[in-house]
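Some notes on the structure that comes next.
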Amino acid sequence: MVKIPVPGEAVRGSRSGSPIMALFDLLGRRWAMGVLWTLSEQGPLTFRGLQDACETISPAVLNARLKELKAAGFVTMGEGGYRVTDLGADVYKSLLPLSKVSQVWAAALETDGREQGK
């Protein structure tokens, strides 16, 4: 059985058992968001296809993340390979606003860096 962070139990960074902290613990694991993001954007992929799409992920880490994401109900194995579930798609859609904020933040840092270099 795969051990994943679950709401109601202490998780990395929080003893409260808060569902959001459990989610952040799971998604904060190396490559977890990358795997979920890639499957959400590229559709079903085989193990090898997903490994190629993630570029630098090792087979061991990919295997571990897939097991965890499957245990969490975010990913499943289906026709054509691994794919996100409806719940996984909800997580992805919820992350899209953070992606937009991250782009604004990156641009602001770049602008600040140029202004400091003057």
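Summary table
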| item | result |
| --- | --- |
| Output for region 63-94, where each listed residue is surrounded by 15 or more Cβ atoms within 10 Å (Cβ to Cβ), in a helix (DSSP H, G or I) and of a type outside the set (Gly, Ala, Ser) | Arg65, Leu66, Lys67, Glu68, Leu69, Lys70, Val91, Tyr92 |
| Index of the failed condition, Ile20 passing every other in (1) in contact with a helix residue (DSSP H, G or I) (Cβ under 6 Å, 6 or more places away or on another chain); (2) exposed (fewer than 13 other Cβ atoms within 10 Å of the Cβ); (3) farther than 15 Å from Lys67 by Cα | (1) |
| Residue check for Trp105: more than 15 Å from Ile4 (Cβ to Cβ), part of a helix (DSSP H, G or I) and in contact (Cβ under 8 Å) with a residue 24 or more places away in the chain | no |
| Condition met for Glu9 (of a type in the set (Asp, Glu) and closer than 20 Å to Leu95 by Cα) | no |
| Arg48 outside any helix (DSSP H, G or I), out of contact with any Ser or Thr (no Cβ under 8 Å at 6 or more places or on another chain) and surrounded by 10 or more Cβ atoms within 10 Å (Cβ to Cβ) | no |
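The rows are residues; the columns are (1) among the charged types (D, E, K, R); (2) at pLDDT below 95; (3) more than 15 Å from the chain's Cα centre (by Cα).
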| residue | (1), (2), (3) |
| --- | --- |
| Ile4 | no, yes, no |
| Arg15 | yes, yes, yes |
| Leu39 | no, no, no |
| Asp52 | yes, no, yes |
| Ala60 | no, no, yes |
| Lys70 | yes, no, no |
| Leu87 | no, no, no |
| Val101 | no, no, yes |
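Residues are listed down the side, and each one gets a yes or a no for (1) part of a helix (DSSP H, G or I); (2) among the hydrophobic types (A, V, I, L, M, F, W, C); (3) touching a residue at least 40 places away in the same chain (Cβ under 8 Å); (4) loosely packed, with under 14 Cβ neighbours inside 10 Å:
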| position | (1), (2), (3), (4) |
| --- | --- |
| Pro7 | no, no, no, yes |
| Ser16 | no, no, no, no |
| Asp25 | yes, no, no, no |
| Arg29 | no, no, no, no |
| Met33 | yes, yes, yes, no |
| Ser40 | yes, no, yes, no |
| Ala53 | yes, yes, no, no |
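The values are calculated or read from the model by the stated rules, or taken from the named source; none is laboratory data. On a predicted model such as this, the values are computed, not experimentally measured, just so you know. With ideal geometry, Cβ positions are generated from the backbone for all residues, glycine too; neighbour counts draw on all protein chains shown.
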